[in-house]
Structure formats: C-alpha cells, structure tokens
Amino acid sequence: MFFVGTYELTIDAKNRLSIPHAIRSKINCDADGRAFYVVPGQRQGTLAIYPERYYEKTRAFIPPPEQISDEAYEWRQFEFSQSALLDPDSQGRILIPERLLKRAGIGREVTLIGVQDRLELWDRGAFEAFQDEKWPAYPQHRAKAMRELRELKENGAPETPERAVGVHE
C-alpha cells in the first residue's frame, strides 16, 4: 500500500474521523487487516495511523526487554501505551481517543495526509503553517532529499526489518 494526498476533514462530536474512500480502497483487508493503529506521530503535534497488520509487522522486530537499552525500552513502553487499535464502523469512521487528540493538540478541523506507508493526522492550522513554510523552498529540499536517498541506495544501506516493510522512523 502506498498512501498520498491531503484530505481536509472534521472530527465529529463523538471523536469519529471518516477515513476517505480513496484511502480505504487502497487497503486489502485480507493482507492489511480491517482496523487501524493510531500512535503518536514522528512529528510533534501529529498522530500516525497505520493499517493493522502492517503496524504489527513493523513492530514485530523489537527484541525482548532484556536485549534492548533502557532508552529503547522506554520508547517501547511509551509508544505502545499511547497507541490504540481502532476498528472502523460500517461507514469507515474510526473513533480517535480523546486523550490522544488532546496530547497532540489536534482540534476538530483536521488534515489527514498520506505519507507513503502511513497516514498522518494534523490539526488543520498546523498543517497549513507547515505547507506555507515548505512550499517556498520545496525545490531545494527535494533536491537535497533525493541526493540523500541516492547515497543511501549507492552505499547499500543495511536492510533492517523496519526498512524491509518501509518504516523509516
């Protein structure tokens, strides 16, 4: 699955978010599952939304607590404690926990964006500010990112379980 696009949406009074049909149609329920995990986003003030089985696959590589550093263990504790498995209703809506919306600072007017292997939920004003900041220098940032990606490919960046399934966090 490969997610792209920008969707301006509203979270209703019951904290339900309607996942657009264009996104739902990309998900294969047999391979990806029907539900979604919502987790704190990589960027402050966002939430990341992953198809159920994809997220489980990306986190399956994490070794047992006795084999990882205290810092990695604390990341694991935090991410899993702040995550929620959300089962969409018959209309494709997911119920976002109030505690996650509040912690991320996300209001009712939101922007949902596709970011390759995940969706990101932003407060609409924050996303508009992000776009305003990035548009003027887009050609330069794109060129720099493409050079970095080429170098990684040329240098044979090591294949890790999370890279194998597309997670680059």
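List of remarks:
- Lysine pairs with alpha-carbon atoms under 28 Å apart, segment 1-138, spacing 8 or more or separate chains: 6
- Counted charge near G107, where neighbours are those whose Cβ lies closer than 9 Å (Asp, Glu -1; Lys, Arg +1): 0
- Once C-alpha pairs closer than 8 Å and six or more residues apart are averaged by separation and normalised to the residue number of the chain, the relative contact order reads 32 percent.
- 20 Å tail of the calculated P(r), the chain, as % of Cα pairs: 57
Values in this text are rule-based calculations from the coordinates and carry no lab data. Here the structure is a predicted model, which means the values were calculated and not measured. Counting neighbours? That spans all protein chains shown, and the Cβs are built from the backbone with ideal geometry, glycine included.
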